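What follows draws every value from the coordinates through simple rules; no lab data is involved. All of these numbers come straight from a predicted model, not from anything done at the bench. Don't worry about glycine lacking a Cβ; one is built from the backbone with ideal geometry, like all the others, and counts go over all protein chains shown.
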Amino acid sequence: CAASGDTLHVGSKRFTESYILGEVLAQTSSPHAKVEHLQGLGNTAIVLAALQAGRIDVYPEYLGTIDLEILKHQQAAPLEQIRRELAPMGLGVAVPLGFNNTYALAVRGDADGLKKLSELVTQPRLRFGLSHEFIGRADGWPGLAKRYGLPQRPEGLDHGIAYEALMQRQVDVIDIYSTDAKIRQYGLRVLEDDRAYFPRYDAVLLYRLDAAERFPAAWKAITQLEGRISAADMIAMNAAAEIDGQNFANVARDWLAAHKPLA
Ligand code: PBE
């Protein structure tokens with residue numbers, strides 16, 4: 001298992017931003033350790049299992065996801081409590097990168113009237129196309145439908161095709177990630193969460209405590225990333241990959257070249 005090897009294994013989830021952040025981590029640590037990036041392993045449950053099994057040592061995750069989906073809290077818990085509960089699993093959370101990437105629902109820019117999630121209850125005919133993970137998550141559709149009393153029945157789709165399905169009018173409402181580049185590209189209207197359902201999803205690193213000890217120099221380099229990636233930076237990187245078609249490694253390299261933390 002990787003936990004005893006001489007290679008630092010970085011993981012990522014299967015969506016654009018996670019691939020890019022995985023590359024940022026891998027390139028940041030590569031001067032200091034042998035590094036391998038296992039890209040786009042899957043959804044939260046799969047990447048977490050890889051981390052717990054020692055197949056990977058660290059991956060980019062989101063605070064609300066750790067809190068509500070991984071630790072199954074009913075409501076947001078303080079960071080200290082999150083750390084206390086992760087420690088017996090051999091895991092830690094650290095290095096807040098500097099931006100929040102929350103879930104939200106969005107409609108086409110020309111959808112008449114709609115501005116807030118609470119207004120969806122009066123539109124039972126709208127077709128919801130929601131990502132599979134969102135439909136299944138405790139902090140996703142089940143809780144959202146309950147909080148807002150929503151009568152619609154969502155259809156599951158892959159987040160990678162959600163924007164195109166919306167623009168081709170196959171569906172009317174999709175879940176978005178707030179740092180997605182296509183929100184602006186397609187001029188979507190993000191609906192206000194007027195009953196404060198969604199928590200903060202600050203980007204952080206979820207890692208094996210033993211990895212920080214096994215790769216001290218690489219870990220030190222990684223910690224220098226704290227607070228350095230703004231939401232605008234992340235949206236621009238997502239745009240470079242999804243709209244301009246650049247590969248993830250180049251996107252990460254360009255960002256690092258422009259924002260290199262002082263050694
Ligand atoms: N996301 C959006 C999250 C939660 C909010 C896709 C960045 C995730 O768990 O991956």
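Listed values, structure above:
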| quantity | calculated |
| --- | --- |
| Antiparallel DSSP beta bridges within the chain, percent to nearest 5 | 55 percent |
| Kirkwood Rh, angstrom, the stretch 97-148 [1 / mean 1/r, Cα pairs] | 12.7 Å |
| Interchain or long-range residues, amide H under 5 Å from D202's placed H | L63, G64, N101 |
| Whole-angstrom Cα spans of the stretch 1-54 along principal axes, big to small | 28, 23, 10 |
| Per-selection metrics, the stretch 188-263 (Cα): Rg and Dmax in Å | 16.2, 46 |
| Relative contact order of the stretch 1-157, pairs being alpha-carbon contacts under 8 Å that are 6 or more residues apart, as % | 18 percent |
| Amide hydrogen neighbours beyond the local backbone of G40, cut-off 5 Å, H modeled | S12, K13 |
| Positive-end extreme of charge dipole, the stretch 158-200 - chosen from V173, Y186, F198 (charges on Cβ) | Y186 |
| Relative pair counts by distance (%), Cα atoms of the stretch 115-236, 10 Å bins | 11, 35, 29, 16, 8, 1 |
| For the stretch 73-211, size of Cβ-based charge dipole, Lys and Arg +1, Asp and Glu -1, in debye | 220 debye |
| Dipole magnitude (debye, nearest 20) for the stretch 165-211, charges at Cβ of Lys, Arg, Asp, Glu | 180 debye |
| MRE, 222 nm, helices only [DSSP H, n ≥ 4, -39500 (n - 2.57), over the chain, to nearest 500] | -10000 deg cm²/dmol |
| The chain: DSSP helices with Cα axial extent of at least 24 Å and average Kyte-Doolittle hydropathy no lower than 1.6 | none |
| Under 10 Å, Cβ to Cβ, from T179 - net charge with Lys/Arg +1 and Asp/Glu -1 | -3 |
| Sorted largest first, extent of the chain alpha carbons per principal axis (Å) | 56, 40, 28 |
| Translational D in µm²/s for the stretch 58-144 (Stokes-Einstein at 20 °C, 1.002 mPa s, Kirkwood Rh from C-alpha pairs) | 138 µm²/s |
| Assigned charges on the beta-carbon of Lys, Arg, Asp, Glu; the chain dipole about Cα centre (debye) | 280 debye |
| When each of K182/K220; K13/K72; K13/K146 is checked by Cα-Cα distance, pairs over 22 Å | K182/K220; K13/K146 |
| Label point 7 Å beyond Cα of R125 along Cβ direction - residues of the stretch 170-189 with amide nitrogen under 17 Å | 170-173 |
| The chain: most fluctuating residue of Y177, Y201, Y186 per GNM, C-alpha cutoff 10 Å | Y186 |
| Debye equation applied to the C-alpha atoms of the stretch 1-117, log10 I(q)/I(0) at 0.14, 0.19 Å⁻¹ | -0.67, -1.08 |
| Cut-off 11 Å between beta-carbons: net charge of the residues surrounding K115, Lys and Arg +1, Asp and Glu -1 | -2 |
